[in-house]
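Worksheet: the structure to be examined is printed underneath.
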Amino acid sequence: MPQKKHKPEEIVAKLRQVDVLLSQGRPVAEAIRAISVTAFTYYRWRKEFGGLKSDQVKRLRDLEKENERLRKAVSDLTLEKLILKEAAFGKLLSPARRRRCIDHAMMKFGVSERLACRVLGQHRSTQRKVPKGRADDAALTADIVELAAQYGRYGYRRIAAMLETAGWAVNVKRVERIWRREGLKVPAKQPKKGRLWLNDGSCVRLRPEYPNHVWSYDFVEDRTHNGRKFRMLNVIDEFTRECIAIRIDRKLKSTDVIDVLSDLFILRGVPGHVRSDNGPEFVARAVREWIAAVGAKTAFIEPGSPWENGYCESFNSKLRDELLNGELFYSLAEARIVIEGWRQHYNTQRPHSSLGYKPPAPVAVVWPAAQTQPASPAISTVAAKPTMH
């Protein structure tokens, strides 16, 4: 028969029985035989429980249980701390990221799914749910990647507008999720520049109110592959954000400015104001007198204040960022063809953020009915004259 395992209270009672027998003058061996144990077991009991009473043994047993519970709690807290430390390198904002982190914690620390979900705040049903995705997710991702490869300087908002134009009924947030999941480039935000509000004499308060109200023009320079410089004269309508013309040549003087403006005035009508900086080609007496003679007004910005010509400066930066920085021109004719193609794309296809992500061409934008002067003619006549010679 297997030997009976005594409880601490029974052991203390037997030891007290031996003490009573010994106090009566009984021999030690006879007292030990009376409790039905060996001498070795007696002395082992005496070493462990000698001098204790039943209530003290019960209290000692409770303390041991509490000590064991505290050791287990400390161990669990240490393990939870390790799990949280392993997941602290990034924010777990989505269930998918939590799901991957929980699987990693279970594999690394050998913990149960229940514990990992409790520590990382994931419901177990969410952890076990297998994401199915949408049926058109692969096709949408392919279109986004294709557009991002074609227009490398566009952000996800402009790409979303182009997808909507192409027929996709897609939310901007979904495009952003796919954009970031695929690791596509998000253009850096431009630093904000403060305005300098000047006194009388500055044209900073002149704001376009309708198409053909205020035009602005400026020069941009670039080089062909052999290092020779060429110049571009950009003319835009500030209200519609439309690039009316880009004149390209090795040298452009005040007479070329008059030539470009005369072609545009004939095709589109005379604007109310023509805004420019104080470059020698614009402040030349011949240019100012010619503009005044045809019924327009000049609006020169203050020297050293390019932000007053912000519409044209913004267009110049887009031209350089999206085209000139990524193209190598081998001849002036090639530059004229490529830049004119980009101008047509800018006017008719490229979504403009200030126009609700619509292209700035008048045929694509519906302006208010009430205007102080007639709307400008269609741009189709200008498209046939790419370089305005």
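Every read-out reported here was derived from the displayed coordinates using simple, explicitly stated rules and does not represent laboratory data. Just so we're clear, the structure is a prediction, and the values are computed from it rather than from any experiment. Positions of Cβ are backbone-derived with ideal geometry, glycine not excepted, and every protein chain shown enters the neighbour counts.
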Net lengthening on full extension, residue 228/residue 333 (0.36 nm per residue, minus Cα-Cα): 36.4 nm
Inter-part distance where region 127-142 and region 228-258 are each reduced to a Cα centre, Å: 48 Å
Given 47/72; 65/108; 81/129; 5/47, the pairs whose alpha carbons are separated by over 21 Å: 47/72; 65/108; 81/129
Mean separation of Cα contacts under 8 Å, 6 or more apart, over the residue count of region 232-315: relative contact order %: 27 percent
Protection proxy ranking, peptides 274-287, 239-252, 126-139, 216-229, average beta carbon neighbours within 10 Å, highest first: 239-252, 274-287, 216-229, 126-139
FRET efficiency, residue 314 to residue 112 (Cβ-Cβ, R0 51 Å, nearest 0.05): 0.30
Extension reserve of the residue 128-residue 348 stretch, reckoned as 0.36 nm per residue once the Cα distance is removed: 74.3 nm
3J(HN,Hα) from dihedral phi, region 132-146, Karplus parametrisation 6.51/-1.76/1.60, rounded to Hz, x for glycine, proline: 8, x, 9, 5, 9, 5, 5, 5, 5, 4, 5, 5, 5, 5, 5
Per-pair calculated FRET efficiency, R0 = 30 Å: residue 180 and residue 84 via Cβ, rounded to 0.05: 0.75
Computed lengthening from residue 72 to residue 140, 0.36 nm per intervening residue step minus Cα-Cα distance: 19.4 nm
Estimated vicinal HN-Hα couplings, Hz - region 62-72 in sequence order (Karplus 6.51, -1.76, 1.60; Gly, Pro = x): 5, 5, 5, 5, 5, 5, 5, 5, 5, 4, 5
Label-point gap, in nm, between residue 20 and residue 40 - each point 7 angstrom along Cα→Cβ: 2.9 nm
Test item: Cα-centred dipole of region 222-293, Lys/Arg +1 and Asp/Glu -1 on Cβ, debye: 360 debye
Karplus-derived HN-Hα couplings along region 109-125 (A = 6.51, B = -1.76, C = 1.60, θ = phi - 60°), whole Hz, x at Gly and Pro: 9, x, 8, 7, 5, 4, 5, 4, 5, 5, 5, 8, x, 10, 5, 5, 5
